[in-house]
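The structure under discussion appears below in the form of structure tokens.
The values are calculated or read from the model by the stated rules, or taken from the named source; none is laboratory data. Here the structure is a predicted model, which means the values were calculated and not measured. Glycine also receives a Cβ, built like all others from the backbone with ideal geometry; neighbour counts cover every protein chain displayed.
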Amino acid sequence: MEVSMIEQQETEPASQEVVETNTRERLVNAAVEVFLERGYGGTRVQDIARKAGFTSGALYVHFPSRSALLSEAIIREGKIILDSMTESLDSLETQASTPIQAMAAFATAPTTKFDRLLLDALALAAGSEEFRTELDGALHGFVDSIRSRVTASKARGSIDQSVDVEALCNLYVSWVFGSVVSKALGLSMSDPDGLADIGAKFRSSI
């Protein structure tokens, strides 16, 4: 069956769009891999292009600069990591006897290569309204997860009824993201039980 000229014209743009999307996705994936291997400063355009199987020129067709590509890659992965953090917190709470033990276990988990990536994602979001909007959904999902735990603890009577839920939620969020910074910088961390004990004593005083 012959393909009409109109059908061919309708198909070609769609096919080209798929190719461009796939190329862009491969470049972003390659940027993440190289970034995790070498860090922001050590990630070169030619290394990203080589990892993705393209020339450096192809990279600039899709991204105006190295920093634009790395920013998109870091923000995308930051969203994935934040979603994973929310899921991990849910999983840890089923294993821990209290929410604060779950957060302590999360905050003192072994450092991974993604801690540095998340730190860069948060830094990008802090300095750019565009990136902050990109990361907004995942950030709020994580904060909402902590807020629900604080609300449930207050409903059970584990927290004094005079305590402001939002204030305590903000404190816990600062604690968790502070641990992200500490781990990314390689600073020493307390063991989960010790941190949970301090947290429990603090909570019992409010």
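Details
- Helices (runs of 4 or more DSSP H) contained in region 81-187 and holding at least 2 residues closer than 21 Å to Ser71 by Cβ and touching a strand residue (DSSP E or B) at 6+ places or on another chain (Cβ under 9 Å): none
- Residue within region 142-157 that is within 17 Å of the chain's Cα centre (by Cα) and of a type in the set (A, V, I, L, M) present: yes
- Qualifying positions in region 165-184 - touching a residue at least 24 places away in the same chain (Cβ under 8 Å), of a type outside the set (Val, Ile, Thr) and farther than 17 Å from Ile100 by Cα: Lys183, Ala184
- Considering (1) over 22 Å from Trp175 (Cβ atoms); (2) in a loop (DSSP other than H, G, I, E, B), the lone condition that Leu59 does not fulfil carries the number (2).
- On the stretch given as region 139-164, residues that are touching a residue at least 12 places away in the same chain (Cβ under 8 Å), over 15 Å from Ala102 (Cβ atoms), among the hydrophobic types (A, V, I, L, M, F, W, C) and surrounded by fewer than 15 Cβ atoms within 10 Å (Cβ to Cβ) total 1.
- Considering residues of region 110-138 that are aliphatic (A, V, I, L, M), within 15 Å of Gly178 (Cβ to Cβ) and in contact (Cβ under 8 Å) with a residue 24 or more places away in the chain only, the residue surrounded by the fewest Cβ atoms within 10 Å (Cβ to Cβ): Leu119
- Residues in region 90-109 that are buried (at least 20 other Cβ atoms within 10 Å of the Cβ) and touching a Phe, Trp or Tyr at 6+ places or on another chain (Cβ under 7 Å) were compared, and the one that is modelled with the highest pLDDT is Ala107.
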